[in-house]
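**Student:** Dumping the structure here so I can ask a few things about it.
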Amino acid sequence: PATLAEKGVAFHGVSFAKRHAPESLLPKYRPPVPGLINIGLMHTSLGGAEGHDAYAPCSVPDLVAQGYDYWALGHVHKRAVHATAPFVVMPGIPQGRDIGEEGPKSATLATLGDRPSADARPVAAAQFARVEAPLDGLDDPADLTARIEAALGHARDAAAADALVARLRLTGATSLAWRLRRDADLMTEEAQTIARSLGDVWVEKLEIACTPPRADDAEPVHDLAALVGAEVLEAPGFLARAREERDQLRRALPPELRGLLGETEEEAEETLRRLIRDGWDDALAHLAARGGGE
């Protein structure tokens, strides 16, 4: 351990020679130094975390039993306090890098001694967030700006950081559903303009999940939607053909872009089903719009 005797602190840590650490590193740590506050530093995924490979696996009870006064962990980018006596803290990261790391990001200020504490202190310059703008009942395109502005403004006010980077999702039943899907590129530019007008807000991606409103004269369209959703989109033959088309497209892509359709078999299947649903939603919105005379 590295000791700062004049500060009454001993730091314990273990480096690693390889990228992967399938075994626990805890046996390599030395016992606590008597008379000092002992702080353990470890890169570990503990018992495992969603989206992360197993890394130097160990259990929280084993860390507590080591006898240190504080454990500062790394690897998982989401903050978590796993124990408080002593503190076992995964502080997360000070700044999110993409929408997969949404939410407030912080550093942890630990105070050790008679009244130990481990407080999160927001430090991120920008916060990623998924923002939903409901468009239910919207018929007038002139009102669209106000709906988006309200959703982004609320998310900005709720963010812990000074700046907001939003994944904006338009939802709800609106007669503008087909138009929004048809002009998604123009709608993205419009959303980005609205965001800039709010100051320190950016829209990194626009998702359109609107549906046409159900009306008596659109009954055949909705009957078709129910039929296709139940008997076509999940049919083995249809899915097999869709997988063939996906695989053909993937082979035509440059190697560095093939991961866009999924890095694993599970991701590839999830992406395929999402694309099928998005395509059918586009077709349904178009049919409903034509039925309404648009």
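**Student:** Could you list all residues from region 141-155 that are more than 21 Å from Gly92 (Cβ to Cβ), open to solvent by less than 30 Å² (accessible area, probe 1.4 Å) and either without any contact (Cβ under 8 Å) to a residue 12 or more places away in the chain or touching a strand residue (DSSP E or B) at 6+ places or on another chain (Cβ under 6 Å) (or both)?
**Tutor:** Looking only at region 141-155, we keep the residues that are more than 21 Å from Gly92 (Cβ to Cβ), and these are 141-154.
Next cut, open to solvent by less than 30 Å² (accessible area, probe 1.4 Å) only: 144, 148, 151-153.
Correct list: Ile148, Ala151, Leu152.
**Student:** Follow-up. Out of all the residues in region 52-62, is one or more surrounded by 18 or more Cβ atoms within 10 Å (Cβ to Cβ), modelled with pLDDT of 95 or more and not aromatic (Phe, Trp, Tyr)?
**Tutor:** Among the residues of region 52-62, not one is surrounded by 18 or more Cβ atoms within 10 Å (Cβ to Cβ), modelled with pLDDT of 95 or more and not aromatic (Phe, Trp, Tyr), which makes the answer no.
**Student:** Would you confirm whether or not region 117-129 contains a residue that is out of contact with any helix residue (DSSP H, G or I) (no Cβ under 6 Å at 6 or more places or on another chain) and more than 30 Å from Leu152 (Cα to Cα)?
**Tutor:** Taking region 117-129 as the starting set, the residues that turn out to be out of contact with any helix residue (DSSP H, G or I) (no Cβ under 6 Å at 6 or more places or on another chain) are 117-127.
Those left that are additionally more than 30 Å from Leu152 (Cα to Cα): 117-118.
Yes, that holds for at least one residue.
**Student:** Report, by residue number, each residue of region 10-23 that is out of contact with any helix residue (DSSP H, G or I) (no Cβ under 7 Å at 6 or more places or on another chain) and at pLDDT 90 or above.
**Tutor:** Let us first name the residues in region 10-23 that are out of contact with any helix residue (DSSP H, G or I) (no Cβ under 7 Å at 6 or more places or on another chain), namely 10-13, 15-23.
Selection gives Ala10, Phe11, His12, Gly13.
**Student:** Continuing with this model, one more query. In region 156-182, which residues are among the acidic types (Asp, Glu) and either open to solvent by less than 10 Å² (accessible area, probe 1.4 Å) or closer than 22 Å to Leu275 by Cβ (or both)?
**Tutor:** Answer for region 156-182, where residues must be among the acidic types (Asp, Glu) and either open to solvent by less than 10 Å² (accessible area, probe 1.4 Å) or closer than 22 Å to Leu275 by Cβ (or both): there is none.
**Student:** Continuing with the same structure: In region 267-294, what residues are of a type in the set (Asp, Glu), modelled with pLDDT under 85 and in a helix (DSSP H, G or I)?
**Tutor:** Within region 267-294, Asp278, Asp281, Asp282 meet the criteria.
**Student:** OK, next. Mind listing whichever residues of region 113-140 are exposed (fewer than 15 other Cβ atoms within 10 Å of the Cβ), of a type in the set (A, V, I, L, M, F, W, C) and more than 27 Å from Val81 (Cα to Cα)?
**Tutor:** None - no residue of region 113-140 is exposed (fewer than 15 other Cβ atoms within 10 Å of the Cβ), of a type in the set (A, V, I, L, M, F, W, C) and more than 27 Å from Val81 (Cα to Cα), so the list stays empty.
**Student:** If you take the residues in region 10-39 that are closer than 20 Å to Ala118 by Cβ and touching a residue at least 40 places away in the same chain (Cβ under 8 Å), which one is surrounded by the fewest Cβ atoms within 10 Å (Cβ to Cβ)?
**Tutor:** Restricting to residues being closer than 20 Å to Ala118 by Cβ and touching a residue at least 40 places away in the same chain (Cβ under 8 Å), the top hit is Ile37.
**Student:** Of everything in region 255-268 that's more than 19 Å from the chain's Cα centre (by Cα) and of a type in the set (D, E, K, R), which residue is least open to solvent (accessible area, probe 1.4 Å)?
**Tutor:** Arg258
**Student:** Let me ask something additional. Would you be able to say whether some residue in region 94-106 is among the hydrophobic types (A, V, I, L, M, F, W, C), surrounded by 16 or more Cβ atoms within 10 Å (Cβ to Cβ) and on the phi < 0 side of the Ramachandran plot?
**Tutor:** Checked against the condition, which is being among the hydrophobic types (A, V, I, L, M, F, W, C), surrounded by 16 or more Cβ atoms within 10 Å (Cβ to Cβ) and on the phi < 0 side of the Ramachandran plot, region 94-106 yields no hits at all.
The values are calculated or read from the model by the stated rules, or taken from the named source; none is laboratory data. None of the values given here were measured: they were computed from a predicted structure. Quick reminder, even Gly has a Cβ in these numbers, built from the backbone with ideal geometry, and neighbours come from all protein chains shown. We work out accessible area using only protein heavy atoms, side chains counted, and drop any ligands, DNA or RNA first. Shrake-Rupley method; radii C 1.70, N 1.55, O 1.52, S 1.80 Å.
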